[in-house]
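Chemist: Structure in structure tokens, see below.
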Amino acid sequence: LGNKAFPSMKSFISKMISHLTATPNQYRIALAQYSDDLHVEFLLDTYKAKNSMLNYVKKNVVFKGGSVKTGNALREVHKTFFKGPASGRDKERILVVLTSGASEDAVEEPAKILKSDGVKIIAMGIQDVSPQELQSMATSQFSYKFRTVRDLSMSSQNLTKIIEDIIQTDIIAICKSDSVADVVFIVDEGVSKPNAEDIKKFLQDTVSFLDVRKNCIKVGLVTYSSESHVLSLLSEETNKTAILQKVQGFSPREGKANTGAAIKATRQRVFSGSRKAQGIEQIAILITHRPSEDNVSEAAHDLRRAGVTVFTIGIENADYTQLTQIASYPQQQYVTKLTAFSDLPKEAKTLQKKLLNQIQDKLYVQSERRELLKAGSVDTEEADIYVLIDGSTSIYPVAFGDIKNFLKEVIKMFNIGPNKVRFGAVQFSHDKRLEFELDEYSKTNDLETAIDNIRQIYGDTHIGEALTFMQPLFKRAREQRAGRVPCYLIVLTDGESHDSVKEPAERLRNEKVNIYAIGVKDANEAQLHEIAGSKSRTFFVQEFDSLKNIKNEIVQVIRSGEACKEMTADIMFLVDSSGSIGPENFLKMKNFMRELVNKSDISTDRVQVGVIQFSGQPREEFQLDRYSSKTDIFSAIDKMRLMGDNALTGSALTFVSDYFKPPKGARPAVKKFLILITDGEAQDEVKSPATALRDQGVIIYSVGVFNANKPQLEEISGKPELVFYVEEFDILKHIEDEIIFGICRPHEEKCKRIERLDVVFVIDGSGSISPLQYQAMQDFMIDLVKKSDVAPDRVQFGAVKYSDEPETFFYLNTFTTKSEIVEAIQNDRTIGGSTFTAKAVGYSEALFAQEHGGRKSKGVPQILIVITDGESRDAAELNDTAKRLRDNGIIIYAVGIKGAKPDELLAMAGSEDKYYYVDTFEGLKNTSVSVCIYVLEASVADIVFLVDGSWSIGKENFKNIQDFLYIMVSSFDVGEDKIRIGLVQYSDAPHTEFLLNTYHRKEDILEKIQKLSYKGGGTKTGESLQFLLENHFKETAGSRREEGVPQIAVVITDGQAQDNIQEPAKEIKDAGVTLYAIGIKGASLVELQEIASDPDDKHVYEVEDFTDLQDISHNMLQVLCTTVEEVNQIAHVSQGMPTSPCSPPPLFSLPCS
């Protein structure tokens, strides 16, 4: 660490102690420092008051020196501070390790021993320590790397929040298998004595399995016949022993089966005392053996609406229809039917797995899959979607409200806009009513309001007439939009139609309308199939409140339909063929594979599929490039025969790795997926071979039925959301669309699209290029366009074609939608002639002009992509021409094919990372142009600009400062919960232009910047810095410093300060504000260094002239982005947010090289 940096380390420790509530009843704090040995400064019980600790740190903690032996220190800490495992009554045990270099001894084993005794480790490193070493010490995700000690010091308050969050969230960590839930059993007591014993055994086994204790699983118990009896409330602090005693007291009671009343009593009396408000999973389990004598539908609807997941177990004469009316969706997952009471105790193990799966899915998986779905759905950038809503009398008002809520949730999953996704709505009964057309509302909020205003019309159900009514609406939609925009119709009904649906549905499908049919309750499934034209586009739920459960399925199917048209992937199936499978389930596995293949676009340049079976040994069925048609693949799957023997999954994972390499048919730069299907526990080690596969870029989906080991599956896939754990093989069909959607969507997790960009293609159309080769170039361009957010205020495209002479294909402002650009490129043809590339590159500069849609003045990055296949006839002029464009801020990417000269490509691009060369036109398919531009997107920060407005600046130069501010703010993701911007102009005195909380819209800030008036006067920089601290970095001014949000000030000046800057600069930095200093012309370098934070090379900028300000804007953004990322990192982890919010997002969502 060094003596020089040690004071900053002490400062960090002091700040952390200050933020913690150090009392015997809250935090007890100890301190030690280490090098070769551990030196104890004070023990956990040495000090009870915070001030005593702070005084000790200030006066007695001195730098010891020595080598870094972190492993030894961890062992000594264990002996000294954390002797033995924690008991249930112990305080939470937390160890914060601060280290500055690579340990000279091993850290993983001593850290593991500490963690096994319940110690949570937060590992923080600076300077030379590796992130891997920190991760090997830390608990879960709690490892952090900082560039400097100063950066570490700034994070003290955020670390305090992490410690507080660990104590809150550790409730989950200490519960067995992460079991945190409220579980209520509703048991029909109208049984015989022998049958009551089977029920007791089932309940005893299930409750014994659950981690019933405070903060983990809480159990409620309700029994019923004619009356309901609440035996255990969720609001009571009951332990496992008390619940088991109540179960033991269960005895038969004669009476009617009033199941509906029991469900209602459970909701009102038991779940009213639940922990739902804390986000804890709510579960009810109904056990009955006979039909209910009262209505169950409404009571169950209210229970599910209250957020309770309902399982039903029906025995002997239980009414299956009633069980499905009560249970959650999908019924196959939540309804169990047993033939005899004697089967009930055997069912306990299956229910235990179901419960654990439900709880863990709620904790870890559902939110991740929802976010992935939303991200992929927003990617559906052009679509026209009508919803056709049944408003007939059979639908009760509450149910109609469920329909409207369902529609609002679906709409939120799409990117709404006039040139993006549009929604319209029609309601029908025996009449039809157009609620709103596609072009009526272009904002999500307006659509939600319009849906809220829909009033039910009542009447009979005439779906055929309603489908006919839709034809002219879709015709009008096609006339409103240029290009081929996909059209969708979602039909939602609860009854059988009084008229024919087949012919009008076929007419719509013939006009390229994709129809999805959703049936509820009494809807006729045969009619639904006729409406949709396919079972795969048909959905059925028992109750209206279950619509919310199929929202994701509907969106996935719509999204997959478009995304999968462009999908390229190499998919290997790894199929468990061990003896535990059995012929019947083996057939179901084969059907599952067939369905996934059927939903993929199989061909040599789209999706390739291979299959390996395994048991004791792996066996190749066929490799990726063996078959190129669905028919051949189906035939090969049908011929597969069960192998038998044990399941050596680890060995099979090692075996399959070669199949993702070219000799086995895999293609370079194509997404690679492994789908593992198994029903049992692996008999060998799986983690290492699975990790090796993932390190090769293979995404692994693990599909396991309940005999499989779920933790093993998670080790294989690496992420819980990639694991599908189902009760039986029959449920596999419910996860097909989810897997297909996952394969179709982009997997570059850290890639975010740049909001605004001007892109011009320069396309070689010379005679050396054949029509087929030109098609490959077109596909390359179309792929980039489709991956962009095209709109006049987002990404714009222009194009130049050339051979002997260049010609404008289309300007940046010619087309405003993706489909128009794609159609123009698809319809283009080569022009013939020679290759004059330099002339074309020079010509292209004009397309970036403002009159043609260029937005350089608004700070929008400008990109030129040159695609050529031959040697330029004017190569001598290439270098100068391209340099002129680059000097004007245009970034050039050069893509060369076949006969192109690499030195010419380099001359255009200016650097090796911006040119690409492929041997064949076919190789373009595997070329990803990766344009990394830093933007502050999805980050959180408070940034105040302090701008010199003194006489020495002058009005003309002040305009250059305004342009610089405009560019900087244009790149920020501005919002009340994102980046906040403040601005102060200073001369003789500082003047607030606007505070951090004045504007929350980027447009308002940019407008204010353009209207700034130049003040004039002296240069009182010191006074202005003090003014910043006292008036801007305050909560009342919009600062979020107390929330741990990064505080940043950017000072721009051209002269020497006329007052003292040293003290105010130190004060503002000590307050946790990161200072950047930009000096122009006559600014003093010494003063800039005094103002700026350390290190100088990161925080001080000098430019010769005001016009050079724009040249440093890109670098400035990079550095600001990095600062926000580092300071935000701890806060984001503590809030469960991504740790790299400011990663450089590449253009077109392709990975940055």
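Chemist: Can you tell me how many residues within the stretch 1025-1062 are hydrophobic (A, V, I, L, M, F, W, C) and either over 18 Å from ILE1091 (Cα atoms) or touching a Phe, Trp or Tyr at 6+ places or on another chain (Cβ under 8 Å) (or both)?
Modeler: Counting residues in the stretch 1025-1062 that are hydrophobic (A, V, I, L, M, F, W, C) and either over 18 Å from ILE1091 (Cα atoms) or touching a Phe, Trp or Tyr at 6+ places or on another chain (Cβ under 8 Å) (or both) gives 8.
Chemist: Ok, one more. Which one of these is under 27 Å from GLN331 (Cβ atoms), touching a residue at least 24 places away in the same chain (Cβ under 8 Å) and either assigned by TED's automatic domain parsing to the domain that holds SER580 or assigned to a strand (DSSP E or B) (or both): ILE739, ILE716? Please lay out each step first, then the result.
Modeler: Details: ILE716 fails: under 27 Å from GLN331 (Cβ atoms).
Of ILE739, ILE716, the one residue that is under 27 Å from GLN331 (Cβ atoms), touching a residue at least 24 places away in the same chain (Cβ under 8 Å) and either assigned by TED's automatic domain parsing to the domain that holds SER580 or assigned to a strand (DSSP E or B) (or both) is ILE739.
Chemist: A follow-up question, please. So in the stretch 61-116, with the set limited to residues that are modelled with pLDDT of 90 or more and among the polar types (S, T, N, Q), which one is surrounded by the most Cβ atoms within 10 Å (Cβ to Cβ)?
Modeler: THR70
Chemist: If you don't mind, there's one more thing I want to ask. Out of the residues in the stretch 484-504 meeting the condition of being β-branched (Val, Ile, Thr) and over 14 Å from ARG537 (Cα atoms), tell me which one is surrounded by the most Cβ atoms within 10 Å (Cβ to Cβ).
Modeler: THR493
Chemist: Within the stretch 961-1020, which residues are within 19 Å of ALA1057 (Cβ to Cβ), buried (at least 21 other Cβ atoms within 10 Å of the Cβ) and touching a residue at least 60 places away in the same chain (Cβ under 8 Å)?
Modeler: The answer is ILE961, THR1019.
Chemist: Let me ask another. Could you grab the pairs with beta carbons closer than 8 Å, sequence gap of 6+ or different chains, first residue in the stretch 1082-1094 and in contact (Cβ under 8 Å) with a residue 24 or more places away in the chain, second one among the basic types (Lys, Arg)?
Modeler: Note: pairs meeting the criteria are SER1093/ARG150; SER1093/LYS1069; ASP1094/ARG150.
Yes/no per residue for (1) among the charged types (D, E, K, R); (2) in contact with a Ser or Thr (Cβ under 9 Å, 6 or more places away or on another chain); (3) assigned by TED's automatic domain parsing to the domain that holds LEU965; (4) farther than 18 Å from THR808 by Cα:
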residue	(1), (2), (3), (4)
LEU847	no, yes, no, no
GLN850	no, yes, no, no
ILE867	no, no, no, no
GLY870	no, yes, no, yes
ALA876	no, no, no, yes
ASN879	no, no, no, yes
LYS883	yes, no, no, yes
VAL895	no, yes, no, yes
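Chemist: Only one of (1) assigned by TED's automatic domain parsing to the domain that holds GLN683; (2) crowded, with 20+ Cβ neighbours inside 10 Å; (3) touching a Ser or Thr at 6+ places or on another chain (Cβ under 9 Å) fails for GLY616. Which number is that?
Modeler: Only one criterion in (1) assigned by TED's automatic domain parsing to the domain that holds GLN683; (2) crowded, with 20+ Cβ neighbours inside 10 Å; (3) touching a Ser or Thr at 6+ places or on another chain (Cβ under 9 Å) is unmet by GLY616, namely (2).
Chemist: Just for the stretch 37-60: of the residues that are assigned to a loop (DSSP other than H, G, I, E, B) and at pLDDT 90 or above, which one is nearest to SER100 (Cα to Cα)?
Modeler: ASP37
Chemist: Still on this structure, please answer the following. For the stretch 828-844, name all the residues that are more than 38 Å from the chain's Cα centre (by Cα), at negative phi and surrounded by fewer than 21 Cβ atoms within 10 Å (Cβ to Cβ).
Modeler: ARG829, THR830, ILE831, SER834, LYS839, GLY842, TYR843
Chemist: For the stretch 1053-1073, check the following and say yes or no: at least one residue is under 33 Å from the mean Cα position of the chain (by Cα) and either surrounded by fewer than 23 Cβ atoms within 10 Å (Cβ to Cβ) or not assigned by TED's automatic domain parsing to the domain that holds ASP977 (or both).
Modeler: Yes, that holds for at least one residue.
Chemist: Out of everything in the stretch 783-820 that is over 32 Å from the mean Cα position of the chain (by Cα) and among the small types (Gly, Ala, Ser), what residue ends up being farthest from GLY833 (Cα to Cα)?
Modeler: Restricting to residues being over 32 Å from the mean Cα position of the chain (by Cα) and among the small types (Gly, Ala, Ser), the top hit is ALA799.
Chemist: Also: Which residue is modelled with the highest pLDDT, if the candidates are limited to the stretch 264-276 and must be assigned to a helix (DSSP H, G or I) and of a type in the set (Ser, Thr, Tyr)?
Modeler: THR266
Chemist: Suppose we keep only residues that are at pLDDT 80 or above and in a loop (DSSP other than H, G, I, E, B) within the stretch 952-976. Which one would you say is farthest from VAL795 (Cα to Cα)?
Modeler: So, considering only residues that are at pLDDT 80 or above and in a loop (DSSP other than H, G, I, E, B), the one farthest from VAL795 (Cα to Cα) is ILE953.
Chemist: Also, quick follow-up: Between a residue in the stretch 461-472 that is touching a residue at least 40 places away in the same chain (Cβ under 8 Å) and within 16 Å of GLU506 (Cβ to Cβ) and any residue that is assigned to a helix (DSSP H, G or I) and among the hydrophobic types (A, V, I, L, M, F, W, C), which pairs come within a Cβ distance under 8 Å, given they are 6 or more apart or on different chains?
Modeler: Filtered contacts from the stretch 461-472: ILE463/ILE531; LEU467/ALA505; LEU467/LEU508; LEU467/ILE531; MET470/LEU508; GLN471/LEU508.
Chemist: Still on this model: Answer yes if at least one residue in the stretch 277-284 is among the polar types (S, T, N, Q) and assigned to a loop (DSSP other than H, G, I, E, B), and no otherwise.
Modeler: Within the stretch 277-284, the first condition is being among the polar types (S, T, N, Q), and the residues that meet it are 278, 282.
From the residues that got through so far, the ones that are assigned to a loop (DSSP other than H, G, I, E, B) too are none.
Taking every residue of the stretch 277-284 in turn, none turns out to be among the polar types (S, T, N, Q) and assigned to a loop (DSSP other than H, G, I, E, B).
Chemist: Okay, next question. Filter the stretch 623-680 down to the residues that are in contact with a Lys or Arg (Cβ under 9 Å, 6 or more places away or on another chain) and in a loop (DSSP other than H, G, I, E, B) and list them by number.
Modeler: GLN623, LEU624, ASP625, MET640, MET643, GLY665, ALA666, ARG667, ALA669, VAL670
Chemist: Would you point out the residue of the stretch 237-267, among those that are more than 11 Å from VAL187 (Cα to Cα) and of a type in the set (A, V, I, L, M), that is surrounded by the most Cβ atoms within 10 Å (Cβ to Cβ)?
Modeler: ILE243
Chemist: Return the only residue of ILE243, ILE263, ILE285 being in contact with an Asp or Glu (Cβ under 9 Å, 6 or more places away or on another chain), touching a residue at least 12 places away in the same chain (Cβ under 8 Å) and not assigned by TED's automatic domain parsing to the domain that holds PHE544.
Modeler: Working: ILE243 fails: in contact with an Asp or Glu (Cβ under 9 Å, 6 or more places away or on another chain); ILE285 fails: in contact with an Asp or Glu (Cβ under 9 Å, 6 or more places away or on another chain).
After applying the criteria, what remains is ILE263.
Chemist: Moving on. Inspect the stretch 869-885 for any residue being crowded, with 16+ Cβ neighbours inside 10 Å, out of contact with any strand residue (DSSP E or B) (no Cβ under 6 Å at 6 or more places or on another chain), farther than 24 Å from TYR916 by Cβ and touching a residue at least 60 places away in the same chain (Cβ under 8 Å) and give the result as yes or no.
Modeler: no
Chemist: Could you pull out the residue among PRO792, PRO746, PRO771 that is surrounded by fewer than 19 Cβ atoms within 10 Å (Cβ to Cβ), modelled with pLDDT under 85 and out of contact with any helix residue (DSSP H, G or I) (no Cβ under 8 Å at 6 or more places or on another chain)?
Modeler: The conditions single out PRO771.
Chemist: Can you tell me which residues in the stretch 832-873 are in contact with a Gly (Cβ under 9 Å, 6 or more places away or on another chain), of a type in the set (D, E, K, R) and closer than 30 Å to LEU1006 by Cα?
Modeler: LYS856
Chemist: Determine the pairs where a residue that is in contact (Cβ under 8 Å) with a residue 12 or more places away in the chain, located within the stretch 530-554, has a partner that is polar (S, T, N, Q) and in a strand (DSSP E or B) with Cβ atoms under 6 Å apart, the partner being 6 or more residues away or on another chain.
Modeler: If the second residue must be polar (S, T, N, Q) and in a strand (DSSP E or B), the pairs left are ALA532/THR538.
Chemist: Follow-up. From the set of residues in the stretch 854-885 that are assigned to a loop (DSSP other than H, G, I, E, B) and touching a Phe, Trp or Tyr at 6+ places or on another chain (Cβ under 6 Å), which is modelled with the lowest pLDDT? Lay out the reasoning, then the answer.
Modeler: The initial filter retains those residues of the stretch 854-885 that are assigned to a loop (DSSP other than H, G, I, E, B), namely 854-855, 859-861, 869-874.
Going one step further and asking which of them are touching a Phe, Trp or Tyr at 6+ places or on another chain (Cβ under 6 Å), we end up with 854, 859, 873-874.
Working: GLY854: 93, GLY859: 65, ARG873: 92, ASP874: 92.
Residue satisfying both the conditions and the ranking: GLY859.
Chemist: Restricting to the stretch 435-485, name every residue that is more than 17 Å from LYS420 (Cα to Cα), of a type in the set (A, V, I, L, M) and touching a Leu at 6+ places or on another chain (Cβ under 9 Å).
Modeler: If the condition is that a residue be more than 17 Å from LYS420 (Cα to Cα), of a type in the set (A, V, I, L, M) and touching a Leu at 6+ places or on another chain (Cβ under 9 Å), then ILE451, ILE454, ILE463, ALA466, LEU467, MET470, LEU473 are the ones that fit.
The values are calculated or read from the model by the stated rules, or taken from the named source; none is laboratory data. Everything numeric here is computed off the predicted structure, so don't read it as measured data. When we count neighbours, we look across all protein chains shown, and the Cβ atoms used for this are built from the backbone with ideal geometry, even at glycine.
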